[in-house]
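Here is the structure we will look at, set down as structure tokens.
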Amino acid sequence: MKCYLVGGCVRDKLLGRPVKDRDWVVVGATVEDMLQQGYQQVGKDFPVFLHPDSKEEYALARTERKTGPGYTGFEFHASADVTLEEDLIRRDLTINAIAETEAGEITDPYHGQRDLEKRILRHVSPAFAEDPVRILRVARFAARYADLGFQVAVETTELMRNMVEAGEVDALVPERVWQETVSALAEYRAEVFIEVLRSCGALEKLFPELERLYGVPQPEQHHPEIDTGIHTMMVLQQACKLSPDPVVRFAALVHDLGKGTTPKDEWPRHIAHEERGVPLVKGLCQRLKIPTAYQELAVLVTRYHLHFHRAAELKAGTLLTTLQSLDAFRRPQRFEQFLLACEADSRGRSGYEDRHVEQSAIMRAALAAANDVSVKPLVEEGLQGKSLADKLNLLRIEAINQLGR
């Protein structure tokens, strides 16, 4: 019985990055051997055990055989005669197929260290094509390690494209697509996730609303980058710089979906794209079963991002109505999320990346001025119901007007 560290912990240690979780593979042991030594079995599909002291996961070396479409159709075989090399060859990328003994000796049968040095994400074997989740994982790894210069190998991109054409991604369940997507949104270069999916054709299958934005022009005077798809990636990149919050980043990603439905004879203008985008955002969120907090902010940013951009020009009454529509008085934290996503939209344009964005300060000042209006004197006057609301709005509008925007 031999135990080896495998996967991400070995990869990140070799890259000099912090190691979070340590996973072990056990060669030359049976289920009975593990139980006799005090390990606790937790795996259902194949034997996985928790160490009696460290509680780290130990999995028996295994082979697997594809028995059906998608990522659930597999038959696993774990026994004492499965070798380390047989276990590692079933893994996704060479950089994840490196093992390390308890003494620190490296076993690297598929040249993962070489690919680490060359900054390449390369599949281990043709078995990669049997699991469509691996397309999402490669895209996520590309986002995670983009700042280190990692790129997907040409042959791996081609293999993923073949998988897409064969319909493998059609078998992915919404929950798993969202799980990988939200993990990618947490990476600093989240836009790379989308770009890799697009490079192999998976974006059109999984996020057709985003794929549709590419090739759609915008007015050059406001968008020097012109292409809406490129703008969307720039906005996501800015959102990642402004906030670590994946809710903000998702809203930034989908805020312009409506531009993908603009009739070509109206290009490069996109009249009412905000309202046209709202049902697209809702449809995407429902299809992938995305949590409510993500949908709520994304809808608000989609519907009101132009109000943000025109904050300096809006009449005080319109500004107040916008704040009320955003529920900014009761949900100031979400209001701040809205401002961050809209600021990313403003900065996500060629030449605008480092420009000062005044609109956030304007809207915060308007909210503060409106909040400073006390309701108590109005109640003491005997006002109630609609009369109270109307008088409060008038006083709030006056307070916003006094800001001298």
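A few notes on this one:
- Shape analysis of the range 269-405 yields a ratio of the Cα radius of gyration to the Kirkwood radius, Rg/Rh, of 1.03.
- Max-minus-min Cα coordinates of the range 112-256 on each principal axis give 48, 33, 27 Å, with the largest extent listed first.
- Intensity falloff of the chain expressed as log10 I(q)/I(0), Debye formula with alpha-carbon point scatterers, at q = 0.13 Å⁻¹: -1.08
- With Cα atoms, 0 to 90° folded angle of helix 292-309 axis to the chain main axis: 40
- Per the Debye calculation on the range 1-111 with a single equal scatterer at every Cα and no solvent contribution, log₁₀ I(q)/I(0) for q = 0.20, 0.21 Å⁻¹ amounts to -1.13, -1.22.
- Nearest 10 degrees, 0 to 90: helix 332-347 Cα axis against the chain principal axis: 80
- For the range 385-402, 3J(HN,Hα) computed residue by residue from phi via the Karplus equation (6.51, -1.76, 1.60; θ = phi - 60°) reads x, 5, 4, 5, 5, 5, 5, 4, 4, 4, 5, 5, 4, 4, 5, 5, 4, 6 Hz, glycine and proline entered as x.
- Across the range 357-371, computed HN-Hα scalar couplings (Karplus, 6.51 cos²θ - 1.76 cosθ + 1.60, θ = phi - 60°) run 10, 7, 4, 4, 5, 4, 6, 5, 5, 5, 5, 5, 5, 5, 5 Hz from first to last residue, x flagging Gly and Pro.
- The amide H of Val124, built 1.01 Å from its N in the peptide plane, has Leu93, Thr94 as neighbours under 5 Å, considering only residues 5 or more places off or on other chains.
- In this Cβ point-charge picture (+1 for Lys and Arg, -1 for Asp and Glu), the chain has a dipole of about 1260 debye about its Cα centre.
- Sequence-distant contacts, meaning Cα pairs under 8 Å at least 6 residues apart, place the relative contact order of the range 1-111 at 27 percent.
- Compared with the dominant principal axis of the Cα atoms in the chain, helix 174-185 is inclined by about 80°.
- Around the Cα centre of the range 81-204, unit charges on the Cβ atoms of Lys, Arg, Asp and Glu (plus for the first two, minus for the last two) sum to a dipole of about 500 debye.
- Per-bin percent of Cα-Cα distances, the range 322-369 [5 Å]: 5, 21, 29, 22, 12, 9, 2, 0
- Comparing Glu275, Glu102, Glu343 in a Gaussian network model of the chain (Cα springs below 10 Å), the most mobile by mean-square fluctuation is Glu102.
- For Val152, the residues whose amide H sits under 5 Å from its own are Leu121, ignoring neighbours fewer than 5 places away on the same chain, with H placed 1.01 Å from N.
- Expected 222 nm ellipticity per residue - DSSP helices of 4 or more, -39500 (n - 2.57), all of the chain, to 500: -14500 deg cm²/dmol
- Relative to the current alpha-carbon distance between Ile271 and Gln324, full extension at 0.36 nm per residue lengthens the span by 16.7 nm.
- Computed from backbone phi, the HN-Hα couplings of the range 212-227 come to 5, 6, 6, x, 8, x, 10, x, 5, 5, 9, 10, x, 6, 6, 5 Hz, rounded to whole numbers (Karplus: 6.51 cos²θ - 1.76 cosθ + 1.60, θ = phi - 60°; Gly and Pro given as x).
Bear in mind these aren't lab numbers, they're just calculated from the coordinates by the rules spelled out. Just so it is clear, the structure is predicted and the values come from calculations on it, not from any experiment. Every residue, glycine among them, receives a Cβ derived from its backbone with ideal geometry; neighbour counts consider all protein chains shown.
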